[in-house]
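Engineer: Below are the structure tokens for one structure; questions will follow.
The values are calculated or read from the model by the stated rules, or taken from the named source; none is laboratory data. Given the structure is predicted, the values throughout are model-derived calculations rather than measurements. FYI the Cβ positions are ideal-geometry reconstructions off the backbone, even for glycines, and counts take in every protein chain you see. Keep in mind that these areas ignore ligands, DNA and RNA; they rest on the heavy atoms of the full protein, side chains included. Shrake-Rupley method; radii C 1.70, N 1.55, O 1.52, S 1.80 Å.
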Amino acid sequence: MNRESANGKEKLGFIVNPLAGIGGRVGLKGSDGLDTVKKAFDLGAVPFSPARATEALKGLSLIKGEIDLITYPFEMGEDEARECSFAPVVLGSIVPGETTAADTKRAAQEMAELGVNLLLFVGGDGTARDIYEAVGDRVPVLGIPAGVKIHSSVYAVSPRRAAELVKEFLRGRAPVCEMEVMDIDEDQFRQGRVSARLYGYLSVPFERRLVQGAKVGSSGASESTKAIAEHVVDLMRDDHYYILGPGTTVKAVGDELGIDKTLLGVDLVHRKQLVGKDLNEEQLLALITGKNTKIVVTVIGGQGYIFGRGNQQISPRVVREVGKDNLIVVSTQRKLVSLNGPLLVDTGDYELDESLSGYIRVITGYNEESVWKVEY
Amino acid sequence: MTTETLTHGEYDKHREYEQIETGYQAVRWHEPVIYELSRKGSRNQIVPEAEEEIRSKVGDVVSHIPEQMRRENPPELPELSEPEIMRHYLRLSQQTLGFDSGISIGLGTCTMKYSPKVNDQLARLPQLSEVHPLQPEDTIQGILEIMYELRNWLCELSGMDEFSIQPRGGSHGVYANACIMRAYHRSRGDAKRDEVITCAVSHPCNAGCPSTAGFKVIQLYPDKETGDIGLQALKAAVSERTAGLMLTAPYDTGVFDSEIGEYIKVVHEAGGLVSLDQANFNGVMTRLRAGDIGADLMHFNLHKTFSTPHGSCGPATGAIGVKQELRKFLPVPVVEFDGSRYHLNYDLPQSIEKVGSFYGVVMNALKAYAWIMAMGARGLREAAEWAVINNNYLIKKLLEIRGIGIAWPNRGKLQEARFTLEKLKEETGVGTSDFNLRITDYGVQSYFESHEPVIIPEPVTPEASDTVSKEDLDRFVEIFRRVSEEAYTDPGIVKTAPHRCAIHQTDPEPLHDPKKTVTTWRARLKKHE
């Protein structure tokens, strides 16, 4: 894929979901589906994402001449681009006023094929999910938060910060990291239940605000996850079973063991061998009941959950069977500090959540742990 | 991006920014590496040959050097004349901002107080500078007396019972203390104690050193609201595996943990030892004694509170202090006095052995001794007061500047404080690393941001210390005010700084790639072979 334009400029893909966040202001807890959108407009909702989009583009005005902004027609990016005096390359076609997820996916696909250096989108978890389905981790992606559901870790702090991060990235000074794409089941959410699924991982540039100035290098993150993985493996006992939850840090444990650990699923390991892959609650219970077992989990999503988001297979029954003293929580120190708050648990079992709360030890390196607060 | 990599437009802008008057313009020499100045046959002094009579009496001098130590080939030194060497190093020094040429208020946690020149002169006296470290004890009684007196005063200031000035720096002192902890537990047959607890706003050596000494490190973090660790968190870290707690008090954030007395009690009850890193002693000197609040070990940085010069990784001293029951584990030798003579005692069978060559950095001992003598008890008390007053004046003034905030605003700060440029970054795009480069255009050293882990975003950690003038403080504040204003009016000036320094910008990325960096000329030649 040719990432260098003929004119030597960087290619920046730009997708706006004009309906992102529509449901939020009128209390609809999400904006998925034409019915919900119509309901939102009936309730007097006003589009939220265009303003976020222009705010971000304004932050990029200084480098206008150095980039080719590649976008989709009308309200999917072209309008905002022209408003901010960019001369965008406009791909594809849409029916104005009637855009859907399919348009987002097509846009992302076409921009990936064109070889954009970075794909910038304005939207929420739903939009992130659509982009993930279209491009996976082929292209670096950065989100400008404009949705109701923002549980994924793929967003910049704000539109202005997104612009700064884009500039850093295009200068080769922002490392990329795999970040979770989450989506909350909206029907469940409206009924008062939060059920978040871990959809996948996007490749996202991250802000170095919590890493001192000169220290760049994507090796930083992978070095510490490797150290964590080595420590966990060194602690493993042959007479124990190990439930390995989803997430990149736990995947690193799998890599250290030399097994093909699923990134999104829950696997079971015994004597350093994979004995079960992508297991659900029943399968887990069948395999571990009565056995000495430990659970290895990490933080999933941007909110700090160690149970209840993306790993519901490790259900309250599973946790009780294993015993809460047999939990191994792993995370890089950087991730913990970036939460700027406690770890969270939401297993659905209130008593269990209460018993898991307090202060726990998290493995943050080789022979290194951090004490962190857990709340429910 | 160095000036060579700027685009045409950027370069023109840079030339514009260079014209902005800041009261400083660095000397700019395009000075090569000295090897590149070498010209075959250039010579410095030509040492004349000794006369025949002397040569025949002395014989072959080289034969005194053991055969296996003799060079086969002469060293490949660069060939220059004396004036060329003089010029080269002088030019390099002209391009460097140092303590003697500018304000160092920005360097938090370092305690950059003034090192009186008279103490440097004392250290250069031949009675000290020409002494051989292996000379017999009875020829160095004066030096040992100074070391012993210093030891007495350090005990008095810390509330500890014995000192060693063997460790060559603060981290070295913390490492020695971690080794003493290990030796203590081992001597009691307590092998299962393999964990040391520390916190993220202590100096990171409080984590790194016990880790190097073989301990597992349990890291605690300051509470977002209070700035303290919190007793609940500490209790979650303490167990029967706890060998000890290693904390810096007050923290590098200037906060003195309000529950530290409780932590010490809890750790002691669990059978662990407590070591206090007193690098920040400048804020509490004569008002807090580590020994009084229950510490079993501690250390002072003589090159911080006690004014001996910061060596830039040169001769520093981390003086470690211990309670009586840990004395037997101290590194040897320990200086002792029997009422009439001073001795170097090497006979401590349970010692953690030598941690440095000979018996310490004697020059530092002398300078610290001289400084304490000159200050006197009242002066020491005032020094701490001034350190805290100056810091709080700085805090008040800096917080009047747009875009600057402070961590834990509700907590009192002692010797220093951690500020944040998060608001500035949000509103202008200018963050702490940009800001830090621009202030050097005003002729002051860069400030210290933060140790890892970086908990406060876009951090700034200055430390005024006791030896700054109000004019210095006001100038430092004025510079911050100017740069903040620049950030709001034309952020390009700050983001492409520096403009008035010897070098424009360096790309730090290659420094982290061993494939792209060498540290010696010989390695460079090898790489290009």
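Engineer: Which value results for Rg/Rh of the range B:1-126 when Rg is the Cα radius of gyration and Rh the Kirkwood radius based on the inverse mean 1/r?
Structural biologist: Rounded to two decimals, Rg over Rh is 1.14.
Engineer: With N set to the residue count of the range B:207-276, report its C-alpha Rg divided by 2.2 N^0.38 Å to two decimal places.
Structural biologist: Normalised by 2.2 N^0.38 Å, the Cα Rg of the range B:207-276 equals 1.06.
Engineer: Tell me, how many Å apart are the Cα centres for the range B:262-310 and for the range B:497-529?
Structural biologist: Answer, in whole Å: 39.
Engineer: What ³J(HN,Hα) values, in whole Hz, does the Karplus curve 6.51 cos²θ - 1.76 cosθ + 1.60 give for the range A:174-185 when θ = phi - 60°, with x put for Gly and Pro?
Structural biologist: 10, x, 10, 9, 6, 10, 6, 9, 10, 9, 8, 5
Engineer: Which whole number gives the average, over all residues in B:450-463, of C-beta atoms from other chains lying within 10 Å of the residue C-beta?
Structural biologist: The mean count of partner-chain Cβ atoms within 10 Å per residue comes to 4.
Engineer: Something else: Averaged over A:361-373, how many beta carbons belonging to a partner chain fall within 10 Å of each residue's beta carbon?
Structural biologist: For this peptide, the per-residue mean of nearby foreign Cβ atoms is 6.
Engineer: Which FRET efficiency, nearest 0.05, do A:T262 and B:K57 yield, Cβ-Cβ r, R0 60 Å?
Structural biologist: Efficiency, from the Cβ-Cβ distance: 0.10.
Engineer: Further question on the same structure: Viscosity 0.692 mPa s, temperature 37 °C: Stokes-Einstein D of the range B:360-411 from its Kirkwood Cα radius, in µm² per second?
Structural biologist: The diffusion coefficient I find is 238 µm²/s.
Engineer: Right, something else. Can you pull out the GluC sites (Glu not before Pro) in the range B:375-438 whose DSSP state is coil and whose Cβ has at most 11 other Cβ atoms within 10 Å?
Structural biologist: Filter output for the range B:375-438: B:E400.
Engineer: Further, regarding this structure: Could you work out the helix-only [θ] at 222 nm for chain B, with each DSSP H run of four or more residues adding -39,500 (n - 2.57) and the total divided by the number of residues, to the nearest 500 deg cm²/dmol?
Structural biologist: About -11000 deg cm²/dmol.
Engineer: Determine ³J(HN,Hα), in whole Hz, for all residues of the range A:293-307 in sequence, where each value follows from phi through the Karplus function 6.51 cos²θ - 1.76 cosθ + 1.60 and θ = phi - 60°; x replaces Gly and Pro.
Structural biologist: 9, 10, 10, 10, 10, 9, 6, 10, x, x, 9, x, 7, 9, 9
Engineer: Here's something else I'd like to know. Mind jotting down the three principal axis lengths of the range B:362-446 based on Cα atoms? Whole angstrom, largest first.
Structural biologist: Reported extents, whole Å, longest axis first: 51, 30, 19.
Engineer: Separate question: I need two numbers for chain B: Rg to one decimal and Dmax as a whole number, Cα atoms only, in Å.
Structural biologist: 26.2, 82
Engineer: Okay, next question. Between the range A:300-376 and the range B:398-468, how far is it from one alpha carbon centroid to the other, in angstrom?
Structural biologist: If you average the Cα positions of each part, the centres end up 33 Å apart.
Engineer: Distance in nm between label sites at A:E66 and B:E269, each 7 Å beyond Cα in the beta-carbon direction?
Structural biologist: In this crude label model, A:E66 to B:E269 measures out at 5.9 nm.
Engineer: Something else now. So for the range B:122-374, what are the equivalent ellipsoid semi-axes in whole Å, largest first, each being the square root of 5 times an eigenvalue of the Cα gyration tensor?
Structural biologist: 32, 20, 15
Engineer: Now for a different question. Between A and B, buried accessible area summed over both sides at probe 1.4 Å, in Å² to the nearest 100?
Structural biologist: Between A and B, the summed buried area is about 2900 Å².
Engineer: List the pairs from A:K167/B:K470; A:K58/A:K261; A:K272/B:K216; B:K397/B:K516; A:K261/A:K291 whose alpha-carbon separation is above 32 Å, in the order I gave them.
Structural biologist: Checking Cα-Cα distances, A:K167/B:K470; A:K58/A:K261; B:K397/B:K516 exceed 32 Å.
Engineer: Shifting gears a bit: Rounded to the nearest angstrom and ordered from largest down, what semi-axes does the equivalent ellipsoid of the range B:250-315 get from its C-alpha gyration tensor (root of 5λ)?
Structural biologist: 25, 13, 10
Engineer: Continuing with this model, one more query. Roughly what % of Cα-Cα distances in the range B:417-512 sit above 15 Å, to the whole percent?
Structural biologist: 63
Engineer: Taking the alpha-carbon centroid of each part, what is the distance from the range B:107-168 to the range A:33-60 in angstrom?
Structural biologist: Cα centroid to Cα centroid, the span is 70 Å.
Engineer: Quick one: what does P(r) look like for chain A with 20 Å bins over all Cα pairs, in whole %?
Structural biologist: 28, 53, 18, 0
Engineer: Ok, one more. Which of the trypsin sites (Lys or Arg not before Pro) found in the range A:111-189 are in a DSSP loop and have at most 13 neighbouring Cβ atoms, other than their own, within 10 Å?
Structural biologist: A:R171
Engineer: Another question, then. Starting from the Cα-Cα distance between B:L511 and B:I293, subtract it from 0.36 nm times their residue separation and give me the gain in nm to one decimal.
Structural biologist: Between B:L511 and B:I293, full extension yields 74.1 nm more.
Engineer: Further, regarding this structure: Per residue of B:214-222, how many C-beta atoms from partner chains lie within 10 Å of its own C-beta, taken as a mean?
Structural biologist: 5
Engineer: Out of every Cα pair in the range A:10-118, what percent are spaced more than 20 Å from each other?
Structural biologist: When every Cα pair of the range A:10-118 is considered, 42 percent fall beyond 20 Å.
Engineer: Over the protein assembly as shown, how many percent of alpha carbon pairs lie in each 10 Å bin up to the one with the longest distance?
Structural biologist: Binned Cα distances yield the sequence 2, 10, 17, 21, 20, 15, 9, 4, 1, 0, 0, 0.
Engineer: In Å and on Cα atoms, what radius of gyration and Dmax does the range B:119-258 show?
Structural biologist: When restricted to the Cα atoms of the range B:119-258, Rg and Dmax are 19.3, 58 Å.
Engineer: Can you sort B:W153, B:W371 by 1.4 Å-probe accessible area, starting with the largest?
Structural biologist: These residues rank, largest area first, as B:W153, B:W371.
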